[in-house]
Structures are given as structure tokens and as C-alpha cells.
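Engineer: One structure follows; several queries about it will come next.
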Amino acid sequence: MLLSAGPDKTAATDKSAIMVQPREQSIIMIKILGRIPRSCCVAVSGGVDSMAVLDFLRRSHDVIVLHYNHGTEFANHAEEVVKKYCQSYDIQLFVGRLGCEVMPAGVSKEAWWRDKRYNFFDHTFANHLDNRPIITCHHLEDAVENWVFTSMHGNPALIPYRREKYLRPFLTTRKSEFYSWCERKNVPWVTDPSNTNIAFRRNYIRHKMIEHALMINPGIHKTIKKKYNKEQ
């Protein structure tokens, strides 16, 4: 694990949406569900979603970063990007790495990686984080994909806003807003080449099924967003 000291920040964010208007007069809308405590942790993969959230929160919050390296060649590059960003802003960083364990038979790589990642988060929370909630960077597209997937199993469900120590306050923000934030603020990010591999269930839903769902209901993102807003 890697550590670096993090500075103190100001009050908690308690707004449903934050508007940022750059010099080009474009408006970036990052929407927030619930209240984000002033002191929190952010699960950062190095992708555009989590890097945008990290950059957004570190401006007004005392943040600690959790990063998990899945042991691939790309994962090492992602770790370097996250590490360099945290060093630039003196942000405390914890890094977990997949060891030489062999994936059990009959388990998908997606599920195995997720379990290992969350085991690292849980262990770090229990030993180092002083009960700070862990922010994950799920967005509205993730919520829609999850709704489609769970519907196929007969039980349509929302990704929960809160699960024990985990908070997902960006579930009503479109992924495009994270791209806009990173581009306007010159925030680095990496793109995992496996994101286009439709052998992974999540990618198959994203790249093959969602376009057909949009043909039936072009407003599905608004529909799911309304469901979240009703819950708050």
C-alpha cells in the first residue's frame, strides 16, 4: 500500500447539482444525490468517471483515494496515472494489488475482480479510514445498464444509492459530463482496452443491448433519473 498526506478541506457538499461555466461558455452539470460528507474516500480506477469525481471532490473535500490494481499490463499504467495525480495534489493514496492467486473455476473474471477489489476496500476501511464513507463513481449510464440487466432476470432494480459504507452520489450524472469536466479541467484519465470486449457481460449490455432499449424507450435515462429523484 502507498500513502501520502492529504490536506484539510472545507464544508460538505449538499447540493443536487453543481454548475461550472468555463471561459468557452459551456456549462458542465455534475449532479449529486444526497449529501457528501466533508471527509470521504473515493474509489478511483483511473478511468474518466473516477478521475472526474476525484478532481471535483478534492477541490472542496478532504479526500483519500483507494485504487486497486488488477494485475494486467494496462492496470499498471492506470496505477501510475492515479499515483501521479495524487502526488500532484498531496492526496493520501492506498493501493491494493492482485497477487498470484488463481481464479477459481466457474467464476467470471468480472465477478472475481470485483470481489477482490471490494475486499481491499473493506479491509482498508476497517483498518485505516476512520469510518469515512467510500464514494464510488457510478453514473446514470451504469444505472440504466443495471436496470436493463436486472429486468432480463425478472427483477428490475436500481443500483442502490447507499450500501453500508459505500455511497454512490453521482447516479443521476451522465457520463458525458465527466468527459466534459476532465477535458475542461485538463484532468488525465485512461481508457481500459477491455471496455470494448463484449465477452464481458457488462460490455455486451452497453455495446449491444442499450441501443435497442433506446429504440423502444428513447427517454430511458430520464425514466431512471426520475426514480432516483423520487427516492431522495
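The values are calculated or read from the model by the stated rules, or taken from the named source; none is laboratory data. Bear in mind that the values here come from a model prediction, so they are computed numbers and not experimental data. Cβ placement follows ideal geometry from the backbone for every residue including glycine, while neighbour counts extend to all protein chains displayed.
Engineer: Can you report the number of residues in region 44-83 which are hydroxyl-bearing (Ser, Thr, Tyr), surrounded by fewer than 20 Cβ atoms within 10 Å (Cβ to Cβ) and within 20 Å of residue 178 (Cα to Cα)?
Structural biologist: Going through region 44-83, the residues hydroxyl-bearing (Ser, Thr, Tyr) turn out to be 45, 50, 60, 68, 72.
Right, trim to surrounded by fewer than 20 Cβ atoms within 10 Å (Cβ to Cβ) and you get 60, 72.
So of that shortlist, the ones also within 20 Å of residue 178 (Cα to Cα) come out as 60.
Counting residues in region 44-83 that are hydroxyl-bearing (Ser, Thr, Tyr), surrounded by fewer than 20 Cβ atoms within 10 Å (Cβ to Cβ) and within 20 Å of residue 178 (Cα to Cα) gives 1.
Engineer: Quick check: anything in region 149-169 aromatic (Phe, Trp, Tyr) and in a helix (DSSP H, G or I)?
Structural biologist: Yes.
Engineer: Residue by residue through region 173-216, note down the ones that are free of Cβ contacts under 8 Å to residues at least 40 places away in the same chain, loosely packed, with under 12 Cβ neighbours inside 10 Å and not acidic (Asp, Glu).
Structural biologist: 186, 196, 199, 208, 212, 215, 216
Engineer: If residue 162 passes every condition in (1) touching a Pro at 6+ places or on another chain (Cβ under 9 Å); (2) closer than 16 Å to residue 56 by Cα; (3) not small (Gly, Ala, Ser) but one, which one does it miss?
Structural biologist: (2)
Engineer: If you check every pair at least six apart or on different chains, which have Cβ atoms under 8 Å apart with a residue in region 154-170 that is buried (at least 19 other Cβ atoms within 10 Å of the Cβ) first and a residue that is assigned to a loop (DSSP other than H, G, I, E, B) and of a type in the set (Phe, Trp, Tyr) second?
Structural biologist: Partner pairs satisfying both residue conditions: 167/161; 168/161; 169/161.
Engineer: Go through the residues of region 15-28 one by one and say whether even a single one is at pLDDT 50 or above, not in a loop (DSSP other than H, G, I, E, B) and not hydroxyl-bearing (Ser, Thr, Tyr).
Structural biologist: yes
Engineer: Which of the residues belonging to region 84-123 are surrounded by 13 or more Cβ atoms within 10 Å (Cβ to Cβ), over 17 Å from the mean Cα position of the chain (by Cα) and either farther than 23 Å from residue 200 by Cβ or touching a residue at least 40 places away in the same chain (Cβ under 8 Å) (or both)?
Structural biologist: Answer for region 84-123, where residues must be surrounded by 13 or more Cβ atoms within 10 Å (Cβ to Cβ), over 17 Å from the mean Cα position of the chain (by Cα) and either farther than 23 Å from residue 200 by Cβ or touching a residue at least 40 places away in the same chain (Cβ under 8 Å) (or both): 89, 91, 92, 123.
Engineer: Any chance you could count how many residues in region 188-232 are touching a helix residue (DSSP H, G or I) at 6+ places or on another chain (Cβ under 8 Å), closer than 14 Å to residue 148 by Cβ and of a type in the set (S, T, N, Q)?
Structural biologist: 2
Engineer: Please work out which residue is nearest to the chain's Cα centre (by Cα), limiting yourself to region 124-148 and to residues that are of a type in the set (Val, Ile, Thr), assigned to a helix (DSSP H, G or I) and surrounded by 19 or more Cβ atoms within 10 Å (Cβ to Cβ).
Structural biologist: Keep residues of region 124-148 that are of a type in the set (Val, Ile, Thr), which gives 124, 134-136, 144, 148.
Checking which are assigned to a helix (DSSP H, G or I) leaves us with 124, 144, 148.
From the residues that got through so far, the ones that are surrounded by 19 or more Cβ atoms within 10 Å (Cβ to Cβ) too are 124, 144.
Details: 124: 17, 144: 15 Å.
Selected residue: 144.
Engineer: Search region 170-201 for residues being part of a loop (DSSP other than H, G, I, E, B) and among the hydroxyl-bearing types (Ser, Thr, Tyr), and hand back the single one that is nearest to residue 117 (Cα to Cα).
Structural biologist: 191
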